[in-house]
Each structure stands twice: as C-alpha cells, then as structure tokens.
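Bear in mind these aren't lab numbers, they're just calculated from the coordinates by the rules spelled out. Given the structure is predicted, the values throughout are model-derived calculations rather than measurements. Backbone-built Cβ (ideal geometry, glycine too); neighbour counts: all protein chains shown.
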C-alpha cells in the first residue's frame with residue numbers, strides 16, 4: 001500500500017493534483033492508502049512518523065531557492081524514513097502550444113516568477129523574431145506582487161504587448177494598495193498595455209489582431225485557454 005504526501009503551497013494546485021492522483025488510482029488500479037496534502041514543510045514532516053513507502057511530490061519548483069528548499073526537506077524526510085521516495089516535480093504547463101501555424105501561434109506557460117517570465121519571453125522571441133508577441137499575465141499572490149512588481153514589469157517589458165488581469169489570490173487576502181496596476185504603471189514607456197478582467201479576455205481578443213499570444217501565470221487563467229483557442233481558430237478560418 002502506497003501513502004502519498006503532497007507538498008504544495010497553492011490550494012488551487014493541490015486540488016488539481018489530488019484529482020489527478022485519484023483518477024490515476026482508478027485507471028491504473030493503484031494500491032494507494034492515503035493522500036495527504038500540505039502547504040508547509042513542517043506539517044508534512046510531522047506526519048512522517050513510521051517507515052514505509054512514501055511518494056512525495058514537490059511542486060512549483062521554479063527558482064534556485066525553491067530547489068534548495070526542496071532538497072533540504074527531502075533530506076529531513078530521509079532522516080525520518082530511509083525508505084521514502086522523494087520526487088521533485090514541476091507542473092506540466094510549460095510552453096504548451098495550442099495553435100502553431102505560419103500566421104498564428106498561441107501557447108500557455110506556467111511561468112509566474114519574474115526570472116521565469118523573462119526566460120520564457122526571450123525563448124519565444126528567439127523562435128519568432130519578426131512577429132509581434134502579446135502576453136496575458138495573471139499575477140499570482142498579493143504578497144509576491146507587492147514584493148516584485150518592478151521585477152515583473154521589467155520582465156514583461158520584453159514583450160510587444162501586455163494584457164494584465166486581476167491578481168490570483170490563492171490562499172491570501174487582498175492587501176490594500178496592491179493590484180495589477182502596480183505592474184502596469186512600471187511597464188516600459190511605449191509598450192502596448194491594458195488591464196482586463198479575465199472574464200472579458202475572449203471579448204477583448206475577438207477585436208484584437210494577434211500574431212504570437214502567450215498566457216502566463218500560475219492561477220486559474222488557464223481555464224480560459226480552451227475558449228481562447230477556439231476563438232482564435234474560428235477567426236483564422238474566417
């Protein structure tokens with residue numbers, strides 16, 4: 001019997017992972033005992049009290065500090081249970097192309113740290129040097145936006161056009177004075193930019209010509225990706 005412990009700070013991602021585990025259990029007839037989800041390492045470590053087979057996922061590994069923190073937790077787990085199996089997993093939404101033609105490119109990317117965004121934009125720029133690159137970005141967490149809004153603005157300023165949506169709060173409560181406007185106001189002069197509610201994104205795109213469009217962020221904006229893809233495909237056939 002396999003016990004699965006999940007370490008993931010984002011409740012939205014926790015729910016997605018738990019659903020995926022239960023689906024895999026049914027499809028592959030896995031003998032899974034319990035699935036416990038935690039958003040803090042100390043909570044998870046307190047539960048590793050007996051020896052056995054433990055499969056642990058460390059998600060959202062997007063920066064050097066995340067990786068170092070994950071390795072430290074893995075070492076502590078192995079001290080408690082030498083038989084434990086630790087797994088470092090990223091998420092699957094990295095450079096996920098939905099449409100790729102000579103006239104139109106549409107993709108989504110989980111990048112949600114300034115450094116990740118900058119690297120993603122540079123990579124896309126290398127692939128499509130002569131095309132206009134537009135990104136829809138949903139900031140993730142009020143605290144992260146508050147602490148890094150200038151860095152986000154610098155990374156997004158590598159684009160030709162930026163469409164910002166409201167902040168995805170995950171577990172956090174709103175912070176007075178912290179909104180996507182902070183990023184918007186610090187984008188480079190001359191860049192095309194706007195702020196739009198995520199529900200209004202399809203309508204906005206229906207009136208806007210795009211060449212390369214990328215959806216960035218770790219929130220729930222990817223829920224709109226299928227409808228955006230259908231819209232763009234229908235328009236390209238018109």
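Classify segment 92-131 as rounded, prolate or oblate from the Cα gyration tensor: take a ≥ b ≥ c as the square roots of its eigenvalues, call it rounded if a/c is under 1.5, otherwise prolate when a/b beats b/c and oblate if not.
Here segment 92-131 falls in the oblate category.
Counted by neighbouring Cβ atoms within 10 Å, the residues 143, 134, 101 run from fewest to most as 101, 143, 134.
Let a ≥ b ≥ c be the square roots of the eigenvalues of the Cα gyration tensor of segment 146-238; is it rounded (a/c under 1.5), or, if not, prolate (a/b larger than b/c) or oblate? Oblate. Among 195, 4, the ranking by other beta carbons within 10 Å of each residue's beta carbon, starting with the fewest, stands as 195, 4. Inverting the pair-averaged 1/r between distinct Cα atoms of segment 95-196 gives 14.1 Å as its Kirkwood hydrodynamic radius. In plain terms, the residue of 44, 204 with the fewest other Cβ atoms within 10 Å comes first and the most crowded comes last, giving 204, 44. Relative to the current alpha-carbon distance between residue 186 and residue 97, full extension at 0.36 nm per residue lengthens the span by 29.1 nm. Express in whole angstrom the spacing between the alpha-carbon centres of segment 212-238 and segment 107-144. The two parts, judged by their Cα centres, are 15 Å apart.
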